[in-house]
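J.: First the structure, then my questions, so here it is.
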Amino acid sequence: VQLQASGGGLVQTGDSLRLSCAASGRTFSSYAMGWFRQAPGKEREAILCFGGGDANTYIADPVKGRFTFSADNAKTTTYLQMNSLKPEDTAVYYCAADYAGTMCFRGTKYVDYWGRGTLVTVSS
């Protein structure tokens, strides 16, 4: 079972970037999928989760209106579209999956599967 995140890079303030997360090894259609990030010297934080229903949708305040989530029907690939990027968005971004749909609300220890991170650097 593997989640593979990609698409990170170095961008300038105000730019856009789309991260992808490819799932393999099992079916994630019944899982909540999401993205976390970890900035230098800070704890990993949830930024956006989508569980297929409104009850499991979570968007962190710092990214509301700028980041959006999408996925194919089987959730084999999920995407994080990041617009109007700011220097404070600089972090390693991780995709994640959670069967119960609570990881964004309850914390990182409720994540069932992690993808390898991809670094996003936003220059000022």
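The values are calculated or read from the model by the stated rules, or taken from the named source; none is laboratory data. All of these numbers come straight from a predicted model, not from anything done at the bench. Glycine also receives a Cβ, built like all others from the backbone with ideal geometry; neighbour counts cover every protein chain displayed. Accessible surface is based on the protein model in full, side chains and every heavy atom, while ligands, DNA and RNA are left aside. Shrake-Rupley method; radii C 1.70, N 1.55, O 1.52, S 1.80 Å.
J.: For the pair T57/S30, report the inter-label distance in nm, with labels modelled 7 Å from Cα in the Cβ direction.
T.: About 2.3 nm, to one decimal.
J.: Also: Going Cα to Cα from K64, which lysines come in below 16 Å? Please leave out same-chain ones fewer than 8 positions away.
T.: K86
J.: Determine the sum of side-chain charges near T90: Lys and Arg each +1, Asp and Glu each -1, restricted to other residues whose C-beta is under 11 angstrom from that of T90.
T.: +1
J.: Just grab the label-to-label distance for S70 and Q12, each label 7 Å out from Cα along the Cβ direction, in nm (one decimal).
T.: Placing both labels 7 Å beyond Cα along the Cβ direction yields 2.6 nm.
J.: Could you compute the longest span of the chain free of trypsin sites (Lys or Arg not before Pro) located in DSSP loops and having at most 16 other Cβ atoms within 10 Å, not counting the site residues?
T.: Numbers: sites that count: R26, K42, K64, R66.
In the chain, the maximal stretch lacking such sites is 67-124.
J.: Report the FRET efficiency, 1/(1 + (r/R0)^6), for Q2 and A39, where r is their Cβ-Cβ distance and R0 is 35 Å, rounded to 0.05.
T.: After rounding, the FRET efficiency stands at 0.90.
J.: Right, something else. When the accessible area of the chain is split by element with a 1.4 Å probe, what percent falls to carbon and sulfur? Show your work: numbers first, answer last.
T.: Numbers: 2930 of 6430 Å².
Carbon with sulfur: 46 percent of the solvent-accessible area.
J.: Under 22 Å Cα to Cα from K109, which lysines show up? Leave out anything in the same chain fewer than 8 places away.
T.: K42, K75
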